[in-house]
C-alpha cells in the first residue's frame, strides 16, 4: 500500500511546489524567484542549545548524537535565505518567505546533545542512522510530506502521522503511542515496546512489535500488523483489520 499511495502523493506535492515557485504563477504573490546555482557549499551555524527540531522547508535533516553542532549544505546563492532559529529549546529550520526558492538541494546536519521531539512540516526527510539513547519522552510528527527514520531508545515514544509519508523506527521503548490520520505508513517491526496504543484513522498501515499489551483502534482505511504475543484490546469500525504477523 505504501508504494501505491505515497509515491503518487509525493509526486503531486513536488509538482505543486514547482508550480508555486514560478514567476508567472498567481500564487507567488509577485515575490522574486531565486533558482539554485547548483554550486553546493557548507556553512556552520552557531546556535543556542536545542532538544527538538522542526523542519519547515524543503530538504533533508541528518541527525547524530553528541556535542551540539549544526551545519547547512545548499546552493551558494540559496544559503542566505535558509533560516535557523532556536526558541524554548526548539530549533526551527525554515526559508525566507519573501522569496520563491526553487531547484535547490538542502541538507542540514545536526549533532544533538539531547532529543525530545522531531517534526517534519516541510518536504523531505529526517534521518538518524546512529542510535540515540535518551531517558525522556520523545515526540515524532510528520505533518508535511516525507519520512522520519531514526534509531531510538527511550522510555516513552509518540509517533504521529498527519501528513503524507511515513515514520520508521528501530530500537525500543517501554511505552509506544502511534497515531495516523494522514496518508502513509508506520514501520516499527524493529522497534520493540512493552505496551503500545495504535490509532489508525487515515489511509495506510502500521507495523508494530509489542511484548505485553497492544491497544488497537482502527477507524480508517488501513491495517495494523503486529509482532509479539501481547494481550490485545481492539476496536475496529473502519475498513482495516488487526493482523498477527508472527
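No value in this document is a laboratory result; all are computed from the given coordinates. Since we're looking at a predicted model, the values are computed, not measured. Quick reminder, even Gly has a Cβ in these numbers, built from the backbone with ideal geometry, and neighbours come from all protein chains shown.
Test of understanding: ordering 76, 139 by Cβ neighbours within 10 Å, fewest first, what list do you get? Walk me through the numbers on the way to the answer.
Working: 76 13, 139 16.
Neighbour counts put them in this order, fewest first: 76, 139.
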> Hey, what D do you get for the stretch 87-163 in µm²/s if you plug the Kirkwood alpha-carbon radius into Stokes-Einstein at 37 °C and 0.692 mPa s?
Replying inline: 236
>> Output the 0 to 90 degree angle, nearest 10, between the alpha-carbon long axis of helix 2-21 and the longest principal axis computed from the alpha carbons of the chain.
In response: 20
> Given 0.36 nm per residue, what is the gain on full extension from residue 190 to residue 67 after removing their alpha carbon distance, in nm?
Replying inline: 41.6 nm
>> What does the extension gain come out to for residue 79 and residue 136, with contour length at 0.36 nm per residue minus their alpha carbon separation?
In response: 17.1 nm
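Report Rg(Cα)/(2.2 N^0.38 Å) for the stretch 170-216, keeping two decimals.
Details: Rg = 10.1 Å, N = 47, 2.2 N^0.38 = 9.5 Å.
Normalised Rg, Cα atoms only: 1.06.
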> Expressed in whole Å with the largest first, what are the equivalent ellipsoid semi-axes of the chain derived from the C-alpha gyration tensor as the square root of 5 times each eigenvalue?
Replying inline: 34, 23, 12
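Find the relative contact order for the stretch 48-207 and round it to a whole percent, using C-alpha pairs within less than 8 Å whose residues are 6+ positions apart. Could you put the intermediate results ahead of the total?
Values: 454 pairs, mean separation 29.6, N = 160.
Relative contact order for the stretch 48-207 comes out at 19 percent.
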>> Can you compute the modelled spin-label distance between residue 237 and residue 49, with each label point 7 Å from Cα toward Cβ, in nm?
In response: 4.5
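For residue 39 and residue 149, calculate 0.36 nm times their separation in residues minus their Cα-Cα distance, and state this gained length in nm to one decimal.
Working: separation 110, 0.36 × 110 = 39.60 nm, distance 2.78 nm.
Fully extending the segment from residue 39 to residue 149 adds 36.8 nm.
Out of all DSSP beta bridges in the chain, what portion is antiparallel? Express it as a percent rounded to 5. List each step's numbers first, then the result.
Details: 16 of 114 bridges.
So the antiparallel bridges amount to about 15 percent of the total.
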>> Report the Cα centroid-to-centroid distance between the stretch 136-190 and the stretch 54-98 in angstrom, as an integer.
In response: 21
> Counting pairs of Cα atoms in the stretch 103-246, how many percent are more than 24 Å apart?
Replying inline: 27
>> For the chain, what does the helix formula give at 222 nm: sum of -39500 (n - 2.57) over DSSP H segments with n ≥ 4, over the residue count, nearest 500 deg cm²/dmol?
In response: -3000 deg cm²/dmol
>> If a paramagnetic tag sat 7 Å from the Cα of residue 211 along the Cα-Cβ line, which residues of the stretch 219-246 would have the backbone N under 15 Å from that point?
In response: 227-231
